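What follows is a set of notes on a single structure, which appears directly below.
The values are calculated or read from the model by the stated rules, or taken from the named source; none is laboratory data. As the structure is a prediction and not an experimental result, all values here were calculated from the model. No Cβ is skipped: glycine too gets one built from the backbone with ideal geometry, and neighbour counts run over all protein chains shown.
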Amino acid sequence: MSPQDRLMIQNDVAALCNAGHQSFVDYLKLLPSYKDEDNFTVWKSIASNIGDLSSLLEYANTEKTWLGC
């Protein structure tokens, strides 16, 4: 599989998660498939998507604090 294909697969799953059509758990389960990845662009995209997930989790925790949950 080409680097572009590997990039797009994980990016598409991340986009589905961001849109609420898939669970972020599905994205995290996909990541072990990239353990031997050697393309910088693919890794940069994975890191960016994980950063987005981290931001969403941080926002969710902040929202719970404000709502008293």
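Please find, within the range 11-23, the residue that is surrounded by the fewest Cβ atoms within 10 Å (Cβ to Cβ) out of those that are outside any loop (DSSP other than H, G, I, E, B) and not polar (S, T, N, Q). Among residues in the range 11-23 that are outside any loop (DSSP other than H, G, I, E, B) and not polar (S, T, N, Q), the one surrounded by the fewest Cβ atoms within 10 Å (Cβ to Cβ) is ASP12.
Candidates are the residues of the range 24-54 that are aliphatic (A, V, I, L, M) and surrounded by 11 or more Cβ atoms within 10 Å (Cβ to Cβ); the one that is farthest from ARG6 (Cα to Cα) is LEU53. The sole residue among LYS64, LYS44, LYS29 that is part of a helix (DSSP H, G or I) and modelled with pLDDT under 95 is LYS64.
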